[in-house]
Amino acid sequence: MLRDVVKQGRIPHGVADTFYEDAAAITALERALHDLFTGWGYARIIPPTFEYYDMLVTQASEQLQDEVFRFFDREGQMLALRPDMTVQTARIAGSKLYDQALPLRFYYIGHVFRYEEPQAGKQREFTQAGIELLGADTALADAEALSLTIEALHQLGLRDFQINLGHIGYLAATLADVSLADAQRRNLELTIERRNPRDLAQVLDEYQIPKDIANVIRRLPHLSGDKHILQEAHALAINRDSAAALERLEQVYTILDQAGLSQHIILDLGEIRNMSYYTGIVFRGYISGLGFPVCGGGRYDTLVRNFGADLPAVGFALSLERVLSVTKAKEPIAPDILVQWGYHPLCAEQVNRMRKLGLRVEVDVLNRQETELVAYAQQRRVRRVLLCTDTAEFKLIEGSQSRWLSSEQLLGEMVLWKS
Amino acid sequence: MEKLTIALPKGRLQDQMLDLITSVGYVLPQGALTGRKLVFYDQSQQLRFIMAKPVDVPTYVEYGAADLGIAGLDVLRESKRELYEPLRLGFGKCRLVLAGPPEARNRNLRLVSNLRVATKYPRLALDYFYRQGISAEIIPLSGSVELAPVVGLADLLVDLVETGTTLRDNGLVELETLLESEAVVVVNRASHKLHFQLVQELINRLAEEIGQRAGGSQTDAN
């Protein structure tokens, strides 16, 4: 029977209690990512959960600004919960690590907070994992960020995914000589992203974008596909900078192609990430069954200089909950064995042995008798129950069968369970 | 084989939509035309169609329960879903308008401090008043919005009109157009990447048909 939760037991919209197999699944994903990122030479960075609002928000996109949770400390300073960890990493690198050998490679795994409408895979608190590679403005650095993104998605059990890769510099260079108000520019970007050709034509008209420039922008939503789209984009390029953006994109694509990763990449010049700090390549990863991206990233060469050192940088982040909402991965939590009298000296030795072998051992602390313990083990799906006696003999119960074992025999069994 | 799922809105646009799909070469089963079946396939089994309530189409598509959908622009803008909108279909045209009794024409709405507006489109209405600097209280209703000003529940209304007959019959007049709406093809962003060829091919076929119907004047989605 379900019953209403008492008022004191309720939690706010957009946050979740995660436990049992789901929490274990998050832990397993986190562990896989710690190993992966470390294996690629990235060092962990642990920024604070909240900081001064001005620091966190001034560099973020308008959308993120709207979504930040803010509050005041006792001195009246405005603080905010971090909406991502890229700005924090940039702050730490720019203000503290400016004289270190370059490049810097950092990864993070932690919770971020955004005031969004809660829906499947979109919560107000979620776990973000990502990397930042600072101090290298090369196609190789861009390609490393993308390779690591693809590898991370593989590690998390995803196969059917595509990374949509664009370059913000192409649009920026095309619009270099056009003066637009910030709001107009954002609206133009939004319209390109929606890929609605009529609205786009209307907006270009309304903002009186010169015809040669408008012709390029009108094609952006269609410049999506494999590397052949670069040819048309080159033909359309109106200046040196937009050609340079395409050259970089081509170099990155070639590196990924040689690494056998290009089947996951869709080149897309209509990919414009609505995050103000991006300056170069931008990308988002999509998986089947989820209408919004599971990961995203790009190059931000001007963000770090706000905090001191002028470091170009590239990075990506993914949301673990979004991954789980698609893979539906569960991690078993039942222990391998339940032990009666586990704190009895004769038994404690065996428990220690089992744990050293890496078995999951639960010791009874309710002084239960055999029948109660077996019933409890069934409920918790624990496959084995071990009973101790004063005679250093052990009774092992597995399902409906039971056997008596000496401590040597028990040791032999343990090794089998582990393998 | 890979299949695409398409969410179609039941009701007003239904017949025109099914006609469009038939005319680009897909053969639909009998049950589809009577509107009783909620899920059906075309004869070649390449496309699966689901019939949804119009306001729910963007939801089905954003969550990936359908790869594509057809929705009114009004519903789409109200829902604020993250979707691609590669093609307008040129039918289902209507306008989202602000309307009220004739005397409202002479009122400066910025000077009214507690304007009450009934609507099925609270988000679009609020956004409009916000941009215009008008302070309005939105009263969300789910139908027969014209009733609200007539019985004094609200001063004005924001609603969809096709011909304007309903408004006139209730002694109301249009004050302002908020949005020109028509049927739009929407695409799930993940499907657009993962089934790129299939999606693009379907859109091209629809665009071509629409273009022919409009006498070749339309140059969308090439």
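The values are calculated or read from the model by the stated rules, or taken from the named source; none is laboratory data. In this text the structure is predicted, and so the values were computed from the model without any measurement. Cβ coordinates were reconstructed from backbone atoms using ideal geometry, including for glycine residues, and neighbour counts include every protein chain displayed. Each accessible area value is taken on the protein alone, full model and side chains, heavy atoms only, with ligands, DNA and RNA left out. Shrake-Rupley method; radii C 1.70, N 1.55, O 1.52, S 1.80 Å.
Any chance you could check the Cα centroid distance between segment A:107-138 and segment A:144-187 for me, in angstrom? Cα centroid to Cα centroid, the span is 16 Å.
Listed as lacking a disulfide-compatible partner in chain A: A:Cys295, by the criterion of no other cysteine Cβ under 4.7 Å. Under 5 Å between amide hydrogens, built in the peptide plane, is the criterion, and for A:His111 it picks out A:Gln128 among residues at least 5 positions away or on other chains. For the pair segment A:274-345 and segment A:8-70, the centres of their Cα atoms are 8 angstrom apart.
Here the accessible area is traced with a 1.4 Å probe on the protein chains. For segment B:132-222, carbon and sulfur cover 45 percent of it. In the protein assembly as shown, taking the dipole from charged Cβ atoms about the Cα centre, the farthest positive-side position among A:Ala201, A:Trp417, B:Ala118 is held by A:Trp417.
Solvent-accessible area of segment A:265-315 (1.4 angstrom probe, protein heavy atoms only): carbon and sulfur portion equals 44 percent.
Give, in nm to one decimal, the length gained when the segment between A:Lys96 and A:Arg159 is fully stretched (0.36 nm per residue of separation minus the Cα-Cα distance). Present the calculation step by step, with values, prior to reporting the outcome.
Details: separation 63, 0.36 × 63 = 22.68 nm, distance 3.89 nm.
This chain segment gains 18.8 nm when fully extended.
For A:Gln208 and B:Tyr41, a Förster radius of 35 Å and the Cβ-Cβ distance give a FRET efficiency of 0.15, rounded to the nearest 0.05. Using a Förster distance of 30 Å, how high is the FRET efficiency between A:Arg368 and A:Lys328, based on the Cβ-Cβ distance and rounded to 0.05? Approximately 0.30, to the nearest 0.05.
Past the 20 Å Cα-Cα mark, which pairs from B:Lys53/B:Lys80; B:Lys53/B:Lys120; B:Lys37/B:Lys193; A:Lys122/B:Lys3?
Details: B:Lys53/B:Lys80 17 Å; B:Lys53/B:Lys120 14 Å; B:Lys37/B:Lys193 30 Å; A:Lys122/B:Lys3 27 Å.
Result: B:Lys37/B:Lys193; A:Lys122/B:Lys3 exceed 20 Å.
For segment A:64-145, place one equal point scatterer on every Cα, skip the solvent, and apply the Debye formula. What is log10 of I(q)/I(0) at q = 0.13, 0.17, 0.18 Å⁻¹? Relative scattering, expressed as log10 I(q)/I(0), comes to -0.56, -0.85, -0.91. A simple spin-label model places the labels of A:Asp17 and A:Ala181 4.9 nm from each other, with each point 7 Å out along Cα-to-Cβ. Between A:Asp241, A:Asp268, A:Asp73, find the one with the highest GNM mean-square fluctuation for chain A; connect C-alpha pairs within less than 10 Å. Highest fluctuation among the options: A:Asp73.
In a DSSP loop and with at most 14 other Cβ atoms within 10 Å, the trypsin sites (Lys or Arg not before Pro) in segment A:8-69 are A:Arg10.
When you filter the trypsin sites (Lys or Arg not before Pro) in segment B:34-81 for DSSP loop state and at most 16 other Cβ atoms inside 10 Å of their Cβ, you are left with B:Arg36, B:Lys37, B:Lys80. With contacts taken as Cα pairs under 8 Å and at least 6 residues apart, chain A reaches a relative contact order of 17 percent. Please list, or write none, the aspartates and glutamates whose alpha carbon is within less than 20 Å of the alpha carbon of A:Lys211, excluding same-chain residues fewer than 8 places away. Within the straight-line limit of under 20 Å, A:Lys211 reaches these aspartates and glutamates: A:Asp177, A:Glu189, A:Asp199, A:Glu232, A:Asp241, B:Asp220.
Placing dummy labels 7 Å off each Cα toward the beta-carbon, the span from A:Leu411 to A:Ala43 is 4.4 nm. Here the 3J(HN,Hα) profile of segment A:123-128, calculated from phi with Karplus coefficients 6.51, -1.76 and 1.60 at θ = phi - 60°, is 10, 7, 10, 8, 9, 10 Hz, Gly and Pro shown as x. Amide H to amide H, with H built 1.01 Å from N, A:Val339 comes under 5 Å of A:Glu362, A:Val363, A:Asp364, A:Leu386, counting only residues 5 or more places away or on other chains.
Amide H contacts for A:Ser276 (H built 1.01 Å from N in the peptide plane; partners 5 or more residues away or on another chain; cut-off under 5 Å): A:Ser61, A:Glu62.
The residues of the protein assembly as shown expose, per residue, 49 Å² of accessible area to a 1.4 Å probe. Sorting A:Thr302, B:Thr119 by accessible area puts them as A:Thr302, B:Thr119; the probe is 1.4 Å, largest comes first, and only protein heavy atoms count. Per the Debye calculation on segment B:94-180 with a single equal scatterer at every Cα and no solvent contribution, log₁₀ I(q)/I(0) for q = 0.13, 0.21, 0.24 Å⁻¹ amounts to -0.34, -0.96, -1.31. Once both labels are positioned 7 Å from their Cα atoms along Cα-to-Cβ, the gap between B:Asp127 and A:Tyr343 label points is 6.3 nm.
Find the percent of Cα-Cα distances in segment A:337-418 that exceed 17 Å, and round it to a whole number. In whole percent, the share of Cα-Cα pairs in segment A:337-418 beyond 17 Å is 39.
Each residue of segment A:227-240 was assigned a 3J(HN,Hα) from its phi angle through the Karplus expression (A = 6.51, B = -1.76, C = 1.60, θ = phi - 60°), giving 5, 5, 5, 5, 5, 5, 4, 4, 4, 7, 3, 9, 8, 4 Hz with x at Gly and Pro. Charge dipole of segment A:139-281 (Cα centre as origin; +1 on each Lys and Arg Cβ, -1 on each Asp and Glu Cβ, all else neutral): 260 debye, rounded to the nearest 20. Charged side chains reduced to their Cβ positions (Lys and Arg at +1, Asp and Glu at -1) give chain A a dipole of some 780 debye around its Cα centre.
Interface area, chains B and A: about 2300 Å² of buried accessible surface, summed, with a 1.4 Å probe and ligands, DNA and RNA left out. Of the residues A:Pro197, A:Pro12, A:Pro312, the one that moves most in a GNM of chain A with alpha-carbon contacts below 10 Å is A:Pro12. Comparing A:Gly280, A:Gly399, A:Gly297 in a Gaussian network model of chain A, where Cα atoms under 10 Å apart are tied by springs, the biggest mean-square fluctuation is seen for A:Gly399. Report the antiparallel proportion of the DSSP beta bridges in chain A as a percent, rounded to a multiple of 5. The answer is about 85 percent antiparallel.
Comparing the full protein assembly with the isolated chain (1.4 Å probe, heavy atoms, ligands and nucleic acids excluded), the residues of segment A:150-180 losing at least 10 square angstrom of accessible area are A:Asp160, A:Gln162, A:Asn164.
Only four residue types carry charge here, +1 at the Cβ of Lys and Arg and -1 at the Cβ of Asp and Glu. Report the dipole size of chain B about the Cα centre in Debye, rounded to the nearest 20. Walk me through the numbers on the way to the answer.
On the way: 25 positive and 27 negative charges, 62 e Å.
Charge dipole of chain B: 300 debye, to the nearest 20.
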